[in-house]
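The values are calculated or read from the model by the stated rules, or taken from the named source; none is laboratory data. Here the structure is a predicted model, which means the values were calculated and not measured. Ideal geometry is used to build each Cβ from the backbone, glycine not excepted, and the neighbour counts take in all protein chains shown.
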Amino acid sequence: MRGMTKSAVRLAHEALAVGRRTFPSYGSRTSRHDFTQPQLFALLVLRQFLRTDYRGLVTLVAEWQELRKALGLRKVPHYSTLAYAARRLLPEAEKGGPSIMLRWSSSSGPGLPG
């Protein structure tokens, strides 16, 4: 069993890998294809890890080149893009369901105790 990571960049890599196994690249053929669903999922995981809101996460990602590179982001999403992605990718979160980190750790996600 591996211990919990303290590196946001490492977590981003691992969350992106989980997102790629879990979600299709895009939610619709007609979407703008600015960001993949796995990228948005990884950002949502990072939001909980960093304990920030959507606007705070967008600011951090804009200033953190290594993190953008780890996620393969060519540009930074608007905070509303993350909010809409959370509603689409994590519908139980709206109903007060378990957090992403709790669900991920209970399924023995990479780098988290399980």
Residues satisfying the stated conditions in the range 20-47, i.e. buried (at least 17 other Cβ atoms within 10 Å of the Cβ) and closer than 15 Å to residue 73 by Cα = 35, 36, 37, 38, 39, 40, 41, 42, 43, 44, 46
Any residue at all in the range 64-87 that is at pLDDT below 60 and assigned to a loop (DSSP other than H, G, I, E, B)?
-> no
Among residues of the range 31-52, those that are in a helix (DSSP H, G or I) and over 20 Å from residue 64 (Cβ atoms), counted | 1
Would you check which residues across the range 1-30 are more than 20 Å from residue 50 (Cα to Cα) and part of a helix (DSSP H, G or I) and list them?
-> 20, 21, 22
Go over the candidates 89, 57 one by one and state the one that is without any contact (Cβ under 8 Å) to a residue 60 or more places away in the chain and either among the hydrophobic types (A, V, I, L, M, F, W, C) or in contact with a strand residue (DSSP E or B) (Cβ under 6 Å, 6 or more places away or on another chain) (or both).
-> 57
